[in-house]
1. Going 7 Å from the Cα of K12 in the Cα-to-Cβ direction, what parts of region 67-95 have a backbone nitrogen less than 14 Å from that spot?
2. Tell me which residues come under 5 Å, amide H to amide H, from L33 once H is placed; ignore anything under 5 positions away on its chain.
3. Hey, can you grab everything whose amide H is under 5 Å from the amide H of D122? Only 5+ residues off in sequence or another chain; H modelled, so Pro and N-termini drop out.
4. Taking a ≥ b ≥ c as the square roots of the eigenvalues of the Cα gyration tensor of region 1-42, is the shape rounded (a/c under 1.5), prolate (a/b larger than b/c) or oblate?
5. Label region 1-77 by shape, choosing from rounded, prolate and oblate, from the square roots a ≥ b ≥ c of the eigenvalues of the Cα gyration tensor; if a/c is under 1.5 it is rounded, and otherwise prolate applies when a/b is larger than b/c, oblate when it is not.
6. I'm spelling it out carefully: the read-out is Cα Rg over 2.2 N^0.38 Å, the candidates are (i) 1.06; (ii) 1.18; (iii) 0.97, and one was derived from this structure. Which label?
7. Can you tell me how much longer the chain between R37 and A72 gets when fully stretched, taken as 0.36 nm per residue apart minus their C-alpha distance, in nm with one decimal?
8. Mind listing the long-range amide H neighbours of N106? Cut-off is under 5 Å, sequence gap 5 or more, other chains count too, H placed in the peptide plane at 1.01 Å from N.
Amino acid sequence: MSRVRGFEVVSKYEGQGISLPRRQTVASAGYDLEAARDITIPSIWKMKLIKIFWMIKNRHQLIENDLLDAEAALKPVLVPTGIKAYMPADEVLILANRSSNTYKRNLSLPNGIGVIDSDYYDNPSNEGEIFVQLLNYGVRDLHIKKGERIAQAIFMPYLKSDDDEPVDNQRVAGFGSTGKEGNK
């Protein structure tokens, strides 16, 4: 039987009890991704963000350090899954938030969805490990335990335009990297 699409544990997590993603019901579209280790997602409100809002409301001049503090508070945490995905070249793995993350845990995927391209698999920088970007807009830090479900992954085909001519780059990393210097 030939392999077409699926999940594997990345080598640095082998033997550490990482579960391969599974669908939770017969009709589920998404495979649940779990955290590969315990991790804390800090509340955005603890990191000087309220002070910044107060300063803006009261028309105080913001200095560079204020802007850096605000950017740091709103930067998502990358949660490792210990998993990589393989698929045909004309498919993509979409990462979507779990409905319980927003409703019960105040967690969001700040980019809305994640896109894992087929050429991300086994890339040289991290072996294609899938990370989930999470932002905690709740008032308390959120502690995620290893094995907790944090996102869903959905395999999907995609279409190309009639005049498709992709740039001839090789993937060297993830998160916006296409192998060209300066593309971050």
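1. 78-84
2. Sorted by chain and number, the residues that satisfy this are I150, A151, Q152, A153.
3. It is G128, by chain and number.
4. Because a/c hits 1.5 or more and a/b fails to exceed b/c, region 1-42 counts as oblate.
5. Note, shape of region 1-77 comes out prolate.
6. (ii)
7. Net length gain for the segment: 10.4 nm.
8. It is none; the list stays empty.
Read the figures in this text as sums done on the coordinates, not as results from a lab. As the structure is a prediction and not an experimental result, all values here were calculated from the model. Cβ atoms come from the backbone with ideal geometry, glycine included; neighbour counts cover every protein chain shown.
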